[in-house]
Structures are given as structure tokens and as C-alpha cells.
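Values in this text are rule-based calculations from the coordinates and carry no lab data. Computed from a predicted model, the values in this text were never measured in an experiment. Every residue, glycine as well, gets a Cβ built from its backbone with ideal geometry; the counts of neighbours run over all protein chains shown.
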Amino acid sequence: MKINMSDLKKQHDGLRDDLDNVIKEVIDSNAFILGGKVTEFENDYSAFTGAKYTIGMASGTGALHVALAALDVGIGDEVITVPFTFAATLEMIHLTGAKPVLVDIEPRSFTMDVTKIEDAITDKTKVILPVHLYGQMADMDAIMELAEKYGLKVIEDAAQAQGSSYKEAHAGTIGDIGTFSFYPGKNLGAMGDAGACTTNSGALADKMRLLLNHGQSRKYEHIIVGYNYRLDTIQAAVLGVKLKELSKWNELRNKIASIYAENLKDTGLVLPIINKNRNHVWHQYVIRTGKRDDLKEALSDLGIATALHYPVPLHLQPSFAYLGHSKGDFPVAELCSEEVLSLPIYPELPAATAVEISQEVIKICKRLEI
Ligand SMILES: Cc1ncc(COP(=O)(O)O)c(C=O)c1O
């Protein structure tokens with residue numbers, strides 16, 4: 001058995017003619033910076049998410065930076081987020097000069113524990129930044145209620161949540177700004193780095209368009225200090241082709257998740273839950289067990305790849321030691337980092353293979369007494 005964590009080759013083989021054609025179109029047009037294909041994708045993504053505006057970005061990391069800058073987050077401000085996320089979330093808060101203030105997560109949805117937010121709010125708090133981890137949205141009603149009560153802004157880190165929704169609202173369309181990553185392995189992935197911000201505010205959309213392109217209202221007229229976070233035109237063209245497949249791909253991911261849920265329900269593994277009012281798009285299928293490392297090794301011996309998202313919570317990483325946290329500060333994030341294991345889940349994974357993986361997991365669980 002040889003099962004990887006994704007199969008982009010298969011994904012691209014299935015779309016090869018369309019991908020070749022749009023890339024050729026960009027080459028023939030000789031327009032490599034912004035232009036038609038970027039606008040086309042932005043409009044398509046707005047139609048897909050229901051956001052009024054989509055602003056293409058060079059990456060999910062760049063999208064976070066631009067979102068924070070658009071809300072004037074800077075030195076002296078605090079941004080409330082979670083320690084159990086990819087480093088970019090905290091890095092971009094740090095980059096603005098603001099302080100990341102952390103609250104713990106829920107143990108089975110892995111999203112922000114909204115009961116912990118109010119205690120973390122101070123007179124310096126400017127933004128609440130929940131992360132829709134693994135494809136499931138945080139409790140947006142509770143977050144928006146607190147934001148309103150205390151006059152705070154909300155940025156949704158929806159890097160892992162393309163297609164996900166809360167009630168009827170797509171990820172990234174409830175808060176002031178949503179940020180997306182289109183890193184190749186994401187549910188919607190480019191063929192290189194790419195990202196986007198979504199918003200329903202025309203003023204924020206305008207400001208983000210300035211920020212991503214050196215603050216230029218037109219060439220060499222720099223009305224604010226900006227950056228270069230332009231979405232690459234070839235990546236926009238690729239994303240346009242793949243976006244048409246996203247709903248189907250998310251359904252296939254959901255089918256794999258159902259197979260794992262059904263087959264593994266009688267093991268001692270802690271399975272992920274879907275919170276009320278959520279549509280989970282299963283960027284990752286993450287189980288928990290105290291015997292995680294043994295299970296990972298046993299699956300690896302069989303040729304089944306797994307991954308750890310994330311083995312060390314950010315408050316215990318050397319890069320964020322300056323925040324002054326220690327072990328025990330965020331017990332759920334710490335427990336999760338010791339116990340989580342991501343099983344293979346991607347649209348191209350045959351259902352029969354997901355059943356086989358489940359059967360192997362069951363056998364190992366019996367052997368390891370999980
Ligand atoms: C939650 C989260 N935020 C931000 C990012 C950064 O996105 P990118 O890699 O496109 O810069 C990622 C990427 O993995 C992510 O998972």
C-alpha cells in the first residue's frame with residue numbers, strides 16, 4: 001500500500017487540457033501582472049462565496065497582513081486569536097507591531113473556544129481573529145456578538161475553509177474581512193502560492209487593493225504605504241479552472257470523512273465533531289489519541305501517510321517565546337498537539353481506499369489497545 005496525503009498529479013491530469021489552455025492564454029496575452037484573469041477569478045470567487053468583494057492576494061499570509069493593515073492594526077493594539085493554527089496567523093499580527101493575545105480552542109472541533117474570549121478583551125483589543133481550522137468554521141454568532149458589544153473588528157482566517165459555511169454564510173463573509181490561502185494542497189489550491197481577502201465593505205475592498213499594490217491609486221501615485229501582495233495572473237487563471245470543481249471536490253471529501261466516521265466509531269479514537277449550523281469541508285480529517293505516535297508509525301509501516309497539524313502549539317514555539325507563555329497556559333491546544341493525527345483525505349482518494357485505511361486503523365487500535 002502507498003497512500004499519500006494528497007494526489008495533485010491526479011487532480012491536474014483530470015483538468016490538464018483546461019489548465020494548459022488558460023496558462024497558454026496568459027502567455028499569449030503577455031499580461032502577467034493583474035489584468036483580466038485576476039479580475040475574472042475575483043468575480044467568480046465572490047459569486048461562489050457570496051462576498052461582495054474578493055481581492056486576490058499573493059498568499060494566505062499576505063492576505064492576513066493586508067487585512068490587519070486595512071483595519072489599521074499596529075503598535076499598541078491587541079489581536080485575539082488561537083495558539084493552535086499555522087504560524088502565519090500569529091506572524092502577521094506580530095508583523096503589524098500588534099500583540100497576539102491567545103485563547104484556547106475546543107477539543108473536538110479544534111476551533112476557538114468562544115467562552116474564553118471575553119476574559120481576553122482589554123482596552124487595547126482591536127480585532128478578534130478566529131481560524132476556521134481543518135475546514136470547519138468557528139462559532140461566528142458568538143464572536144460577532146462580542147465584537148459588537150466591545151466595538152471590535154473581526155478577521156476570519158479561512159485559509160482552510162473554502163466552501164465551508166456557518167448557517168447560510170460562507171467562510172470569510174461574516175466578519176469584516178475573510179482571508180484565504182490557495183496553497184496547492186488546500187481544498188482550492190493554485191500551482192504555487194496564492195490567496196485572497198473577501199469583504200462586504202467597499203471602503204475596505206478599496207483600501208486592500210491599494211495596500212496589495214504599493215498603495216498606488218494609479219502608476220507611481222502612492223497615496224498610502226503599501227506592499228506587493230499581488231495575486232499572480234497565471235495562478236488566478238489556474239484557480240478559475242479549479243473553482244468550477246470545488247463543490248464536487250468538497251462533496252468527495254465529505255464522503256471520505258463519513259467513511260472514517262462510520263468505520264472508526266467503535267474504536268477508542270476521539271473523532272472530530274461537526275458543531276451546530278456548520279458545513280464542514282474536511283480540509284483535514286483529524287483524530288485524537290494518546291497513542292498518536294505509535295499509531296502514526298504503524299500506519300507508516302503499512303505505507304499509509306499521515307500528518308501532524310500541528311505538533312507544537314504556537315505559544316510553545318521559540319518564535320513566540322517573547323509572549324511569555326509556558327506549558328499549561330492553553331491546555332486544550334497542548335493536548336491536541338500531543339494527540340492529533342491527520343488521516344489521508346482528498347477528493348481523488350477512492351472510497352474503497354478510505355475503507356481499507358479504516359480497516360488498518362481498526363486493527364492497529366486493537367493491537368495498541370486504543
Ligand atoms: C490557518 C492558516 N492561516 C494562514 C495560512 C497561510 O497561507 P499561505 O501558505 O498561503 O501563506 C495557512 C496556510 O497553510 C493556514 O493554514
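Some observations on this one:
- Local electrostatic count, Ile362, Cβ distance below 12 Å [Lys/Arg +1, Asp/Glu -1]: 0
- With K and R counted +1 and D and E -1, the other residues having a Cβ less than 13 Å from that of Met137 yield a net charge of -3.
- Computed over the alpha carbons of region 19-84, Rg followed by Dmax gives 16.3, 49 Å.
- Over the chain: helical MRE at 222 nm, DSSP H runs n ≥ 4 each giving -39500 (n - 2.57), nearest 500: -12000 deg cm²/dmol
- Span-rule helices in the chain, defined as complete DSSP H runs reaching 24 Å or more along the axis (Cα) with Kyte mean at least 1.0: none
- Placing a pseudo-label 7 Å from each Cα along the Cα-to-Cβ vector at Tyr227 and Asn21 gives an inter-label distance of 3.6 nm.
- Prolate/oblate/rounded call for the chain, Cα gyration tensor, a/c under 1.5 rounded: oblate
- The chain, relative contact order in percent, only Cα pairs under 8 angstrom and at least six apart counted: 22
- For the residue pairs Lys116/Lys242; Lys153/Lys296; Lys52/Lys149; Lys52/Lys219; Lys167/Lys291; Lys10/Lys244, the alpha carbons lie more than 28 Å apart in Lys116/Lys242; Lys153/Lys296; Lys167/Lys291.
- Aspartates and glutamates with Cα under 17 Å of Lys327, excluding same-chain neighbours fewer than 8 positions away: Asp104, Glu338, Glu339
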